[in-house]
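As C-alpha cells, the structure follows; a few thoughts come after it.
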Amino acid sequence: MTVVIIVAAIVIYAYGFQVTQVNLEETAKPQRQQQLVRIIRALAQPDLLTYQQEVTKAQAPVLIPCPATLPTVPAAGDGPSLTLSKPCANGGEQITIVGSGFPANADVAVRFRPESLATLPGISIRTDAKGAFSTTFTLPRNREAAVAQNMEAEYKRNIGRPAFSDTSRETWNKIIETIFMALLATTLGTVLAFPIGFLAANNLMRSITSPFTAIMLSLLTLPIGLLAGSLLGGQFGRWGISLGGGNVLLGVGALAALGAVMLIALRVGVGGEEDSLPTRPQRVGRVAGLMIAGLTLFINLGLISILSQSLGAYLSTRVGSLGFLGLFLANVAHVLELLLPLIGAAAGMALVSALTRPLGAKVLPSLAYAPRRAIAVALAALNGALYASLIGAALGWLYRLENPTNYLVLPAVAGAVVGLIIGLRADVETPTPIGQVVYFITRTVLNALRAIEPLIMVIVFAVWVGIGPFAGVLALCLHTIASLGKLYSEQVESIQSGPLEAITATGATRLQTIVYAVIPQVVPPFISFTLYRWDINVRMSTIIGFAGGGGIGFLLQQNINLLQYRQASVQMLAIALVVASLDYLSAAIREHYV
C-alpha cells in the first residue's frame, strides 16, 4: 500500500510539474541570471533621496555601419574627452574606448547613445589616479543609422544636502490615497455588512415563521410599495431641491417650517400613553400623521441636499487648504440626492408591509380552511405571474427583445402555472419558515460575491465610474460586505444561547432580543474582524491598482512596466511599512477594546 501511495504521489507531482511548466534550465541561463541580478540590485537601492548633481560628460561620434567615406574626427579639446579605436564598426563588434580628463578614482558610466537619444544600459568603469580609463565596448546590434551616433562617458557627483526624491513624494501621496481607499471601503462595507450578518445567522432566522397566505400577500404588495415609494420619494425630494435651489434664505426658512410640520405629524402618528384602545378616528389620524411625516421627510431631505451643496460650493472656495471639507459636504449632499428614490422605495415597502400585516397575520388565518386555501392558491398564482413577468422584462431589456409576448406574456403564464402548483401543494395550516428562506438567499448572495475577486470587480467599476481610486473603493466595499457578512453571521451563530433564551422568556420583541442578548456578545469579535478587514483592504488596494483602481498599486504597475525598479522599490517599501504599522495599530486597538 505504501508503494502504491508513493508511486501515485510521484505521478501526481510529475504531472503537476508538466502543467505548471516548471523549467529549471531556464533559470540557469546567463541572460536570466544577469537580469535577476540587475533587478535585485535596483530593488536594493530605492529612489528615496536625491541630490543636486554635478555632471561631467564627454562624447565621441561613431558610425554604424562604416560608410564609404570616413568623416574627419574632431580633435579633443580641454576637459574630459573620449578617443575611440576606430570611428566606425558594425553592430556587435568591439571597440576600445580611452577616456581622460575625468575626476580621479571615480566611477564613470560608459554607454552608447543612439540617434533617438534614448538612455540604454551601459557599463561602469573606474578611472585611475590621473582621471583616465581604457575599456572595450560591444556596439549594440540593430542600431544602424545614416548619421553619426555617439559613445558617451558620464560622471555624476552629488552636491549639497539630500532631499526626498520626486518618487518619494509621489509615493507618499499615493500611499495616503491607498490608506483612505481602504478606510472608506471598510467603513461602508461594515455599515452594510452589520445587518446582513444577522440575516445570514441561522440561529436567529430559523425560528421566524409566517402563514403562507401572509407571505403571498406581502410578496404581491411589495413591488407596489417599492414602485410607489420610489416615485413619491424622488418626486418630493425634487420639490425640496427646487424649493431651496432658488434662494438660500428661502430654503432655510422652508426647512425650518417643514421640519416643525414633520415633528408635529410624527408626534400625532406615534401617539402617547393611553388607558384604552384607540378609536377608529384616532387610528386614521395616526396613519395620516405618519404619512405626512414621511412625505415631509423627503422634502426636507431634498432641501438638506441642495443647501448642503450650496454650502459646500461656498466653503470649497473660501477656506483655502481646507476646501476639501466643502467638496466633501457637496459630494455627500449629491449622494443623498441620488439615494432619495432608494430611500423612498424602502419606506414604501415598509409602509405596505405594515398595512398588510394585520390582514395577512390575523384576518386571513381566521377564515375557514376552504376560502383560506382558495385565497392562498390565487395569491400564489398572481405572485408567480408578477415575478415571472418582471424577470422576463429584465431579460427583454438585457437582450433587446422586441416582441412583448415573448418576454412578458409567456413568462407571466408560465409563472402563474408554477405559482398555482406551489399554492396547491402548500400547507396553509402550518406556518412557513420564511426565516430559513431569507437565510439561504442571503448566504447564496454572499457566497456569489465572495467568489468574485476585487480585481475583477474593479474592472467593471472602472468602466462605470472611470479609472481611479473611486472604482477601487467600490470594488473593495462590495468584497468587504461579502467577507464581513459571512464572518459576522458565523460569530452570531456561535453566541451563547442562555442570554438569548432569558431575554426571549421575558416577552421581548425580536429587535429587543437582538439588542440586549446578541449584540453585547458579538461586539468584541466584530471589532476584531473589522480591523483585520481594514488591514486586508490596504493590501488588496495595492493589487486592484493594477486594474485601474488607483492608489499605490497604480503607480507600482507603471514603474514595473517601465522597468524602473528603483522607483518600484520605494512603493514596495511604503506598502510594507504601512501594512506593518496598521498591524501594530490594530493590535493596540484590539488590546484596548476587545
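Summary table below
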{"read-out": "For the stretch 18-23, 3J(HN,Hα) per residue [Karplus equation, 6.51 cos²θ - 1.76 cosθ + 1.60, θ = phi - 60°, Hz, x = Gly/Pro]", "value": "5, 5, 7, 6, 5, 9"}
{"read-out": "Length-normalised contact order for the chain - Cα pairs under 8 Å, 6+ apart - percent", "value": "18 percent"}
{"read-out": "Convex hull volume of the stretch 326-474 per residue (C-alpha atoms, cubic angstrom)", "value": "176 Å³"}
{"read-out": "Percent antiparallel among DSSP beta bridges (both partners in the stretch 41-131, rounded to 5)", "value": "90 percent"}
{"read-out": "Cα gyration tensor shape of the chain, rounded if a/c is under 1.5, else prolate or oblate by comparing a/b with b/c", "value": "prolate"}
{"read-out": "Nearest-0.05 FRET efficiency for Trp172 and Asn90, computed from C-beta distance (R0 56 Å)", "value": "0.70"}
{"read-out": "Percent carbon-and-sulfur accessible area, the stretch 77-147, ignoring ligands, DNA and RNA, probe 1.4 Å", "value": "48 percent"}
{"read-out": "Length added when fully stretched, Glu115-Ser207, from 0.36 nm per residue minus Cα-Cα", "value": "25.2 nm"}
{"read-out": "For Ser210, distant residues with modelled amide H under 5 Å away", "value": "Thr432, Ile434"}
{"read-out": "Cβ-based net charge around Thr178, under 14 Å, with every Lys or Arg adding one and every Asp or Glu removing one", "value": "-1"}
{"read-out": "Between the stretch 203-253 and the stretch 374-445, the alpha-carbon center distance in angstrom", "value": "23 Å"}
{"read-out": "Global size of the stretch 384-428 as Cα Rg and Dmax, reported in angstrom", "value": "12.0, 40"}
{"read-out": "Sequence-distant residues sharing a close amide H with Ser165 (under 5 Å, placed H)", "value": "Leu49, Thr50"}
{"read-out": "For the chain, share of DSSP beta bridges that run antiparallel, in % to the nearest 5", "value": "95 percent"}
{"read-out": "Accessible surface of the stretch 554-594, 1.4 Å probe, proportion on carbon and sulfur as whole %", "value": "62 percent"}
{"read-out": "Partner aspartates and glutamates for Lys57 [C-alpha distance under 20 Å; skip if fewer than 8 residues away on the same chain]", "value": "Asp78, Asp107, Glu115, Asp128, Glu152, Glu154"}
{"read-out": "Unit charges at the beta carbon, dipole of the chain: most positive-side option, Pro80, Ala254, Val463", "value": "Ala254"}
{"read-out": "Summed side-chain charge close to Met205 - residues other than Met205 whose Cβ falls under 11 Å, Lys, Arg +1, Asp, Glu -1", "value": "+2"}
{"read-out": "Nearest 10 degrees, 0 to 90: helix 212-245 Cα axis against the chain principal axis", "value": "60 degrees"}
{"read-out": "Crossing angle, helix 565-593 versus the chain [Cα axis fit, 0-90 degrees, rounded to tens]", "value": "40 degrees"}
{"read-out": "Mean Cα-pair separation over length for the stretch 1-150, i.e. relative contact order, pairs under 8 Å, 6 or more apart, %", "value": "22 percent"}
{"read-out": "Cα-based Rg of the stretch 86-164 normalised by 2.2 N^0.38 Å, two decimals", "value": "1.25"}
{"read-out": "Per-peptide average of other Cβ atoms within 10 Å, ordering 17-26, 437-446, 294-303 highest first", "value": "294-303, 437-446, 17-26"}
{"read-out": "Per residue accessible area of the chain, 1.4 Å probe, in Å²", "value": "59 Å²"}
{"read-out": "Total charge dipole magnitude, the stretch 64-155, about the Cα centre, Cβ charges on Lys, Arg, Asp, Glu only, Debye to nearest 20", "value": "140 debye"}
{"read-out": "Karplus-derived 3J(HN,Hα), 6.51/-1.76/1.60, for each residue of the stretch 306-312, Hz, glycine and proline x", "value": "5, 5, 5, 5, 5, 5, x"}
{"read-out": "Vicinal HN-Hα couplings computed from phi for the stretch 465-473 (Karplus, 6.51 cos²θ - 1.76 cosθ + 1.60; Hz; Gly/Pro x)", "value": "10, x, 5, x, x, 5, 4, x, 4"}
{"read-out": "Which of Gln567, Asn447, Ala293, positive extreme of dipole for the chain (C-beta unit charges)", "value": "Ala293"}
{"read-out": "Three-way shape label, the stretch 461-589, alpha-carbon gyration tensor, a/c 1.5", "value": "prolate"}
{"read-out": "Distant-in-sequence amide H partners of Asn150 (H built 1.01 Å from N, under 5 Å)", "value": "Val62, Arg113"}
{"read-out": "Entries in Lys362/Lys486; Lys86/Lys130; Lys29/Lys130 that, when Cα-Cα distance is taken, lie over 31 Å", "value": "Lys362/Lys486; Lys29/Lys130"}
{"read-out": "Debye intensity ratio in log₁₀ form over the Cα atoms of the stretch 46-134, taken at each q of 0.13, 0.14, 0.23 Å⁻¹", "value": "-0.52, -0.60, -1.34"}
{"read-out": "Computed helical MRE - 222 nm, the chain, DSSP H runs ≥ 4 contributing -39500 (n - 2.57), nearest 500", "value": "-22500 deg cm²/dmol"}
{"read-out": "Free-standing Cys, the chain [no other Cys Cβ under 4.7 Å]", "value": "Cys477"}
{"read-out": "Estimated dipole of the chain in Debye, rounded to 20 [Cβ of Lys and Arg +1, of Asp and Glu -1, Cα centre]", "value": "400 debye"}
{"read-out": "Cα gyration tensor, the stretch 518-594 - rounded (a/c under 1.5), prolate or oblate", "value": "oblate"}
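The values are calculated or read from the model by the stated rules, or taken from the named source; none is laboratory data. Bear in mind that the values here come from a model prediction, so they are computed numbers and not experimental data. Reconstructed Cβ throughout: ideal geometry from the backbone, glycine too, with neighbour counts over all protein chains shown. Ligands, DNA and RNA are excluded from the accessible area calculation, which covers all protein heavy atoms including side chains. Shrake-Rupley method; radii C 1.70, N 1.55, O 1.52, S 1.80 Å.
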